[in-house]
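S.K.: Input: one structure, supplied below.
The values are calculated or read from the model by the stated rules, or taken from the named source; none is laboratory data. No experiment lies behind these values; they were computed from the predicted model shown. Every residue, glycine among them, receives a Cβ derived from its backbone with ideal geometry; neighbour counts consider all protein chains shown.
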């Protein structure tokens with residue numbers, strides 16, 4: 001079991017994580033290889049999976065909502081929301097799954113346990129990167145102009161990593177101790193897709209509920225991401241609000257995770 005100082009600062013904790021960066025990279029490579037090595041198109045599924053899903057949703061919701069815009073335009077609208085949602089969902093759920101899979105390593109090897117969920121984040125960022133490349137190419141091919149606020153994209157990436165990893169760290173210990181928690185989360189999280197402005201516009205939300213609705217930092221990400229992609233006005237207040245909530249969720253999740261980190265081998 002790894003032994004940390006009783007009151008280790010976040011700076012020292014971050015230094016410990018950096019010392020194991022090679023392990024982080026190796027674990028990420030292992031996840032990618034194990035998931036795609038037996039398929040014919042391999043890493044191509046990182047792009048194909050969300051694209052196929054979005055095509056299905058595009059036809060279904062365009063008929064259900066009687067969308068008057070072009071199918072290509074509606075595809076871009078949905079895809080720009082699906083990509084961050086898939087990233088959040090996969091990081092959150094796989095963070096809960098990955099610790100039992102690495103039980104032997106956790107029990108026999110000394111390293112900061114947060115390396116394990118960080119390897120999930122690194123893997124999903126690769127998938128997200130491929131998806132974003134396809135999205136921007138498709139947007140430019142459709143005549144869309146990228147906003148001058150493209151410099152905000154790294155900030156948005158930080159936000160989505162914080163919120164996805166934060167929720168994962170928040171629930172990983174309860175899901176290990178009480179296995180039913182993980183099954184319940186796997187049932188509830190996919191429903192969150194329909195709470196985001198992915199298939200509809202945020203204007204559809206009643207004004208009296210907007211303050212509560214926008215507490216969801218994923219709403220902030222989707223809106224700001226689309227503002228960059230479709231050259232719209234950046235909702236600065238929404239961006240700031242989303243960042244604040246993301247940092248809070250991350251640091252609460254990290255604090256809970258660190259308080260139980262030494263005991264994880266006993267729980268798994």
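S.K.: For the stretch 225-233, indicate whether the set of residues that are more than 20 Å from the chain's Cα centre (by Cα) and on the phi > 0 side of the Ramachandran plot is non-empty. Steps first, answer last, please.
M.R.: First, pick out the residues of the stretch 225-233 that are more than 20 Å from the chain's Cα centre (by Cα): 230-233.
Now restrict to residues that are on the phi > 0 side of the Ramachandran plot: 231.
Taking every residue of the stretch 225-233 in turn, at least one turns out to be more than 20 Å from the chain's Cα centre (by Cα) and on the phi > 0 side of the Ramachandran plot.
S.K.: Return only the number of the condition from (1) at pLDDT 90 or above; (2) within 25 Å of residue 95 (Cβ to Cβ) that residue 212 does not satisfy.
M.R.: (2)
S.K.: For a quick check of your reading of the model, give me the residue pairs whose first member lies in the stretch 131-157 and is under 23 Å from residue 247 (Cβ atoms), whose second is modelled with pLDDT of 85 or more and in a loop (DSSP other than H, G, I, E, B), with beta-carbon atoms closer than 6 Å and at least 6 apart or on different chains.
M.R.: 149/234
S.K.: Moving on to the next point. Answer yes or no: is there a residue in the stretch 210-218 that is within 15 Å of residue 77 (Cα to Cα) and assigned to a helix (DSSP H, G or I).
M.R.: First pass over the stretch 210-218, keeping only residues within 15 Å of residue 77 (Cα to Cα): none.
Taking every residue of the stretch 210-218 in turn, none turns out to be within 15 Å of residue 77 (Cα to Cα) and assigned to a helix (DSSP H, G or I).
S.K.: Turning to a different aspect of this structure: Being assigned to a helix (DSSP H, G or I), modelled with pLDDT under 90 and surrounded by 14 or more Cβ atoms within 10 Å (Cβ to Cβ), is that true of even one residue in the stretch 228-238? Spell out how you get there, then give the answer.
M.R.: If we filter the stretch 228-238 for residues that are assigned to a helix (DSSP H, G or I), which is where we start, we get 228-229, 236-238.
Filter once more, so that each one left must be modelled with pLDDT under 90: 228-229.
Then drop every residue that is not surrounded by 14 or more Cβ atoms within 10 Å (Cβ to Cβ), which leaves 228-229.
So far as the stretch 228-238 goes, yes, one or more of its residues are assigned to a helix (DSSP H, G or I), modelled with pLDDT under 90 and surrounded by 14 or more Cβ atoms within 10 Å (Cβ to Cβ).
S.K.: Which of the helices (runs of 4 or more DSSP H) contained wholly in the stretch 48-161 include at least 3 residues that are under 30 Å from residue 174 (Cβ atoms) and modelled with pLDDT of 90 or more?
M.R.: Details: elements: 71-101, 103-108, 115-141.
Answer list for the stretch 48-161: 71-101, 115-141.
S.K.: Given the residues 212, 189, 172, 219, which is the only one that is surrounded by 21 or more Cβ atoms within 10 Å (Cβ to Cβ) and farther than 30 Å from residue 9 by Cβ? Before the answer, list the steps.
M.R.: Values: 212 fails: surrounded by 21 or more Cβ atoms within 10 Å (Cβ to Cβ); 189 fails: surrounded by 21 or more Cβ atoms within 10 Å (Cβ to Cβ); 172 fails: farther than 30 Å from residue 9 by Cβ.
One residue alone meets the criteria, 219.
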